[in-house]
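Written below as C-alpha cells is the structure these notes are about.
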Amino acid sequence: MLLNKKMISLTVDGKKIQIEEGATILEACEKAGSRVPTLCYDKRLLPYGACRLCIVEVEGSRAKFTTSCSTPAEEGMVVNTTSDDIIQRRKTILQLILLNHPLDCLICDKAGECKLQDLVYEYSVVDNPFRSRWQYIEFHIDHVSPFIERNTNRCILCGRCVRICDELTGTCEVSFIRRGIKTDIGTDFNRPLNCEFCGQCISTCPTGALSSKLFKYKARVWELKDTASICSYCSHGCTVIISSMENTVKRIEGDVDIGINEGNLCARGRFGFGYIHSEERLNTPLIKDRDIYRKVSWEEAIDFVVSRLKGIKENYGPDSIAGLASARLTNEELYLFQKFMRVGIGTNNIDHSLGYNGLLKGLKESFGLPSATNSIHEIRKSDVIFLIGTDPTASIPLIKQGINLALKRNNAKLLIANPFDIKLTKQAKVSVVYRPGTEVALLNAIAWVIINKKLMDESFISSSTLGFDDFSKHISKYTPEYAQEITGIDKEAIIELARLYATAKSATILVGSNLIYDDEKLAKQSANLALLTGNIGRENAGVCILLEKNNSQGALDMGVLPNFLPGYQNLTEPVIREKFEKLWGRPLPRNEGMNTELIFSQIEKDKIKALYILGEDVVRSYPGSYKIEELLSKVDLLVIHSLFMTETAKSAHVILPCASFAEKDGTYTSIERRVQLAKRAIEPVGQAKPDWEIISLVSSQLGYEMNYPTPKEIMEEITTAVPIYREISYEKLSPSGIQWPYRTKSNAQTEYLYADGFGENKAKFIPVEFEKLSELEKQNIEYPFILIPYNLFLHSGTLSTYVKELNDVAGESFILLNHKEADKLELEEEAEVIVRSRYNQIKTRLKLSWDVPLGVVLIPIHYKDGSQALLPPFYSEPKHRLCPVRIDKYEK
C-alpha cells in the first residue's frame, strides 16, 4: 500500500488519470480500465518483466516497447496499450511460448482457469510458424512430492514459483536449473519437494505446471461453486475460497483480491480440508446405552440432554453444571453458548480453550484490552521484530511470511529468544536460546539494560504510564550478568537484544501461546518492554499474542469466560447486569464462575455433576490427558458437540453431531481483532447441525426460548450487547471484515489500539519476579531431559489429525532429540523409545535434530501419544512450569 505519496498525472489510451508516485505503468493501466495481459506478473511479488506480454508504447521513449509491469509511471506520460503493432508482438510472444508447451488442455486440471489458454484464445493464436523448426524437449514430471504435482513440460519459465518461494515463504525450494533451451525449474538433483508444502507455487502458477494432487481429476473448474469463507485453523484469519460440487468440497484456494491474506495460504489452509468429508465424521446423534452407543433421532437426543440437565439442576443446583467451548466455533455460537449457560442453566461456570488465557489476561492488566495492539500487515513495516517463545513457521505460517517480507523489503532486523532454534533463526540479527522456564529473567534483564543505558522513551513513560519507579526498583537486580547465570545466555547478547529493540524506530513483539510456561508473566513483561520504549499506540509497533485457534480472540470477545460478560463487561457491575438482564429477559447468576482449571478440580471433588462441551477435545488437548480421561468418567452427564468420535467424545453420555466450518454461516474474529464473515459452502453431512441451532433446541426445550432464524439475527443481538461490536453488521463485513472498535464518526476501523491513549486510565508497568524452579521441575539423574511441547507446521491443535493427507506427511507421533544426546543413549534415528515422566509414559519414535539444545526433548502437542500425555494435570497444585522426562529404548 502506498501511503502519503505524491500524485502524478498521465494519459493511458486517451484517458487522463492520477496515480501515486512510484506506481508502475501496469498499475496505471489497471486504474484507467485498460487491460494489459501478463503471465509473469503477480501483485504479491516484485516486478520481474520476464514474459514481455505486458509491453506498451510510451510516447517519446527511446525504446519502441516498454514492459509495463516493471517500469514506473512518470508525470506526463502518454501510454498506448492496444496498437496493431503491440497486438502482433504479443501474439508472436505467445507463439514462442507454445513452442515447447504441450497442447494437452483436455487432460490438464488448469483448463478453464489457465492464463496461457485464455490469452491464446484472446489473441487468436491458431497456428505456429515456428513449431516446424523446433525439436520438442520433454522434461521430468514429479509425481512423488506430497500435495503438489510438478509437470515442467507445461512450464513457461515465468519464474513466479521461484520468486514466491523466495520472497514470501523464504523457503527457496525451487530455482532455475540448466541453461538455454534446456532451462528448467526444479529442486537440486530433481529430488522430490521437501518444503513447507504451502502450495503458494500452485497459487501463482499461470499454467498447469504446478497443480494440487488433491484436486487432480476431481472436477472441471467451470463445474465448481465458489464460496468465500474463513480458514478453520489458526488465528490469522485467512479468507479462503471453498470450491464445491454436488455438496462436496473439491478444493480450497486463496484469492489475491479478497482478504487480509492476499491469496496466500499455508499447507493446513490449502490442503487440510479432508476432515470435512472424513469417513470418521459423526452424522447422527448418539446416546450411550450400557457402554455402547446407539443411533437416535434428534428429538430423542435433545429430550435426553434436557431431562438429565433438569434433574441435576434440581438436585444439586445450577453451579453443579459447567460448560466448555472450543475457540473454533463462530462468534454467534460462542455468544449463544455463554448466554445459554448463564440464563438457561443459571451458572457462570463457562470457559474455553486452555493455553493462552494467561497471555491475554496479562495484556489486559497492562494496557486495558486482551488483544493484539496492531494489525498483522504492520509487521511487514516494523524496523525490529522480536519473537519470544514462538515459532511462527509452525503456529501461524503467514506471520512468518510477513516477517520474511519485512526482512527482504524493509531491511528489518529479526530478534529471537526461544528455548530452541527455529527455522527463522538463520535470518535473525540476534538469536538466543535460553534455558527452559527462564524467560522472566531474560526479559527483566533486557528491561534493566534499556533503563540503565538510558534507552527508554522518557516522554512517553511520563505522559502515558503508571508504576515506572516501582518497576525500575524491582528489576534493579536483573543485571545482564545475573541473567546470564539463570538463562545461560551470554550477557553481551542480552545487551545487544536490548539495544536493537530499544533504538528501533518501530518494534513489534510477537509472543507465543504454546512454547512458554509463565504465560501471564510473559505477556506483562512484553508489555513492559513496549511501554519502556514507547512502542505502543502507534503504527508498526506493539505487542501481538500468536493465538492458536481461528476464533481464539472471538471466544474472549463473546464472554466465554467465568468472570466477564461479552465485551469484557464487568459481571458484578450493577448497571452492566441490569443491561444484560433486560436484554436476555432473566436474572444473571451473581457469583463469578469457575474457570477450566477449577471445573476439573471440582469434578475430582465430585462437585461438578454435568459437563457440556462444545467441540473441544479436552483429553487430547489439555496437559495431563491420562487424568482428564479418568475425571470425565466421574460426571453424571457429559454432553458433547463433536465432528468426530474424539478421545473426549468416547466418555460422553450423549454426542450431538455438529457442522464443520464449511457447512455453516457465521463470523470469526482474527488475531488482529478483525471480525470476518464466513459463508456456508455445502449442506451439513448426514444429520449434523450447526452448533448455534443445537444450542437453541436444547435451551428452548429447557424452558429458555431461543428463536433465531439465522446467525445474522444473533449478530444483531451481539451488536446490542457488546460495545466494541456495536457498528458491525453482516453487510459491512464483506469482503475483508472490520477491526473493532469501529469508529462511527470517522467511518473507520481501528488498525492499531491506544493511538489516543489508554482511555480514562494510563498503561501500567507490572513488576514480574522470576521464581526458581522446584525440585520436581529440575533435571536429575532419573529424569535428565526437560520436555518442551511444540507445534508442527502441518498440524493445528487436534482438528488436523483427522486429515489423512496431512497425516501421511507429518507421520505418527515422535520426539526430537539432539544427535549428541542420542549417541549417549545409543539410540538411532527412528528408534522406538519409551518416554517417561513422573506422571505417565508414552511409546513413540525418535527423530534427531541439531536445533534441539542438550538436555531438552521436543514433543509435538497434537498426538494422543504426545506431550500432553506426559505433563502433570493442568489443574493440579502447585503449578509446574517444567516437566523432566527420561528416554529409554523400547524393548519388545
What's the total number of residues in the range 881-892 that are assigned to a loop (DSSP other than H, G, I, E, B), farther than 22 Å from GLY797 by Cα and of a type outside the set (Lys, Arg)? 2
Report yes if some residue within the range 620-627 is buried (at least 24 other Cβ atoms within 10 Å of the Cβ), in contact (Cβ under 8 Å) with a residue 40 or more places away in the chain and out of contact with any Ser or Thr (no Cβ under 9 Å at 6 or more places or on another chain); otherwise report no. yes
The correct count of residues that are touching a residue at least 12 places away in the same chain (Cβ under 8 Å), more than 19 Å from LYS634 (Cβ to Cβ) and in a helix (DSSP H, G or I) in the range 581-611 is 2
Looking only at the range 250-285, filter to residues that are of a type in the set (Asp, Glu) and part of a loop (DSSP other than H, G, I, E, B); which one of those is surrounded by the fewest Cβ atoms within 10 Å (Cβ to Cβ)? GLU279
Of all residues in the range 132-169 being within 25 Å of the chain's Cα centre (by Cα) and farther than 21 Å from ALA50 by Cβ, the one that is modelled with the lowest pLDDT: SER145
Filter the range 141-194 for residues that are part of a strand (DSSP E or B) and of a type in the set (A, V, I, L, M, F, W, C); which is farthest from LEU94 (Cα to Cα)? ILE148
Out of the residues in the range 730-740 that are exposed (fewer than 15 other Cβ atoms within 10 Å of the Cβ) and either at pLDDT 90 or above or of a type outside the set (Gly, Ala, Ser) (or both), which is farthest from the chain's Cα centre (by Cα)? GLU731
Just one of (1) loosely packed, with under 14 Cβ neighbours inside 10 Å; (2) of a type in the set (D, E, K, R); (3) at pLDDT below 90 trips up LYS804, so point out which. (3)
Quick one: in the range 704-726, which of the residues that are part of a loop (DSSP other than H, G, I, E, B) and in contact with a helix residue (DSSP H, G or I) (Cβ under 8 Å, 6 or more places away or on another chain) is surrounded by the most Cβ atoms within 10 Å (Cβ to Cβ)? VAL722
When the range 292-306 is examined, which residues are found to be surrounded by fewer than 17 Cβ atoms within 10 Å (Cβ to Cβ) and either of a type in the set (Asp, Glu) or in contact (Cβ under 8 Å) with a residue 24 or more places away in the chain (or both)? TRP298, GLU299, GLU300, ASP303
What strands (runs of 3 or more DSSP E) completely inside the range 329-448 contain at least 3 residues that are in contact (Cβ under 8 Å) with a residue 12 or more places away in the chain and either farther than 30 Å from PRO853 by Cβ or among the basic types (Lys, Arg) (or both)? 350-352
If VAL432 meets every condition in (1) at pLDDT 95 or above; (2) touching a Phe, Trp or Tyr at 6+ places or on another chain (Cβ under 7 Å) apart from one, which number is that one? (2)
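I need the full set of residues from the range 531-576 which are among the hydrophobic types (A, V, I, L, M, F, W, C), assigned to a helix (DSSP H, G or I) and surrounded by fewer than 24 Cβ atoms within 10 Å (Cβ to Cβ), in order please.
Listed by number, the residues that qualify are VAL575, ILE576.
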Filter the range 452-494 down to the residues that are at positive phi and either surrounded by fewer than 16 Cβ atoms within 10 Å (Cβ to Cβ) or modelled with pLDDT under 95 (or both) and list them by number. LYS454, GLY488
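Table: residues versus (1) buried (at least 17 other Cβ atoms within 10 Å of the Cβ); (2) under 17 Å from CYS158 (Cα atoms); (3) of a type outside the set (Phe, Trp, Tyr); (4) modelled with pLDDT under 95.
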residue	(1), (2), (3), (4)
VAL79	yes, no, yes, no
THR82	no, no, yes, yes
ILE86	yes, no, yes, no
ARG90	yes, yes, yes, no
LEU106	no, no, yes, yes
ASP118	no, yes, yes, no
Residues of the range 383-430 satisfying the condition of being in contact with a helix residue (DSSP H, G or I) (Cβ under 8 Å, 6 or more places away or on another chain), β-branched (Val, Ile, Thr) and within 18 Å of PRO789 (Cβ to Cβ): ILE388, THR393, ILE422
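Taking the condition of being in a strand (DSSP E or B) and of a type in the set (Ser, Thr, Tyr), how many residues in the range 806-824 meet it? Walk me through it before giving the result.
To start, the set of residues in the range 806-824 that are in a strand (DSSP E or B) comprises 814-817.
Narrowing the set further to residues that are of a type in the set (Ser, Thr, Tyr) leaves none.
Final tally of qualifying residues: 0.
In the range 208-249, which residues are part of a loop (DSSP other than H, G, I, E, B) and either surrounded by fewer than 22 Cβ atoms within 10 Å (Cβ to Cβ) or aromatic (Phe, Trp, Tyr) (or both)? Step through it out loud before you land on a result.
Kept after step one, since they are part of a loop (DSSP other than H, G, I, E, B), are these residues of the range 208-249: 208-209, 213-220, 224, 231-238, 246-247.
Residues satisfying the conditions are LYS213, LEU214, PHE215, LYS216, TYR217, LYS218, ALA219, ARG220, LEU224, TYR233, GLU246, ASN247.
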Inside the range 307-328, the number of residues satisfying the requirement of being free of Cβ contacts under 8 Å to residues at least 12 places away in the same chain and not in a helix (DSSP H, G or I) is 1
Return yes when ILE714 is within 27 Å of GLY362 (Cα to Cα) and assigned by TED's automatic domain parsing to the domain that holds GLY344 and no when it is not. no
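Scan the strands (runs of 3 or more DSSP E) fully inside the range 827-877 and keep the ones with 1 or more residues being basic (Lys, Arg), more than 27 Å from the chain's Cα centre (by Cα) and not assigned by TED's automatic domain parsing to the domain that holds ILE416.
Working: elements: 832-836, 841-848, 856-860.
Output list reads 832-836, 841-848.
Filter the range 78-107 down to the residues that are in a loop (DSSP other than H, G, I, E, B) and out of contact with any helix residue (DSSP H, G or I) (no Cβ under 7 Å at 6 or more places or on another chain) and list them by number. Steps first, please.
Initial filter on the range 78-107 (in a loop (DSSP other than H, G, I, E, B)): 81-83, 101-104.
Within the range 78-107, THR82, SER83, LEU103, ASP104 meet the criteria.
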Would you confirm whether or not the range 407-417 contains a residue that is closer than 27 Å to LYS473 by Cα, small (Gly, Ala, Ser) and modelled with pLDDT under 95? no
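The values are calculated or read from the model by the stated rules, or taken from the named source; none is laboratory data. These figures come from a predicted structure and were not determined experimentally. Neighbour counts are summed over all protein chains in view; Cβ atoms, including those assigned to glycine, are modelled from backbone coordinates with ideal geometry.
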